[in-house]
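These notes concern the structure reproduced below.
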Amino acid sequence: MRNIIISLALAAATLPAFAANSLKATVNGMVCAFCAQGIEKTLSKMEATKAVFVDLKGKVVLVEAREGRSLDEKAISAAIVDAGYDVVRLEPSTQSVEEMKAAARKAKK
């Protein structure tokens, strides 16, 4: 029994900490396509970023991580604030950029 507990503890120690594949930021101050383009361009330059989607109507920015990478919440928040916008909320998301784009297209219909 002791060997099993030690084995489980060692296995758990080698597993990476859970990291969200996507981060969803609720952002105030975005009002036009130029705003969205600026945020998307800035966040896309980050090494861990695979894709970015900005939903102006929903005031949401979704950042998706590259495979095997984790997103830095503080860096993402700082980049949005440095661009002149307010981050109201930043939370993990299970939604991919493609899924959010599809939902946005569906909502427009």
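Bear in mind these aren't lab numbers, they're just calculated from the coordinates by the rules spelled out. This structure is a prediction, so every number in the text was calculated from the model and none was measured. Ideal geometry is used to build each Cβ from the backbone, glycine not excepted, and the neighbour counts take in all protein chains shown.
Restricting attention to the range 88-109 and to residues that are in a loop (DSSP other than H, G, I, E, B) and among the polar types (S, T, N, Q), the residue that is surrounded by the fewest Cβ atoms within 10 Å (Cβ to Cβ) turns out to be Thr94.
Do you know which residues across the range 48-79 are among the β-branched types (Val, Ile, Thr) and in a strand (DSSP E or B)? The answer is Thr49, Val52, Val54, Val60, Val61, Val63.
Tyr85 meets the conditions (1) in contact (Cβ under 8 Å) with a residue 60 or more places away in the chain; (2) crowded, with 18+ Cβ neighbours inside 10 Å; (3) farther than 17 Å from Glu99 by Cα; (4) out of contact with any Asp or Glu (no Cβ under 7 Å at 6 or more places or on another chain) in every case but one. The failed one is (1). Out of the residues in the range 25-46 that are among the β-branched types (Val, Ile, Thr) and without any contact (Cβ under 8 Å) to a residue 60 or more places away in the chain, state the one that is surrounded by the most Cβ atoms within 10 Å (Cβ to Cβ). Out of the qualifying residues, it is Ile39. For the range 31-47, a residue qualifies if it is among the aliphatic types (A, V, I, L, M), within 14 Å of Ala79 (Cα to Cα) and outside any helix (DSSP H, G or I), and exactly one does: Met46.
Residues of the range 61-82 being surrounded by fewer than 20 Cβ atoms within 10 Å (Cβ to Cβ) and under 11 Å from Ala25 (Cα atoms), which ones? Within the range 61-82, Glu73, Ser77 meet the criteria.
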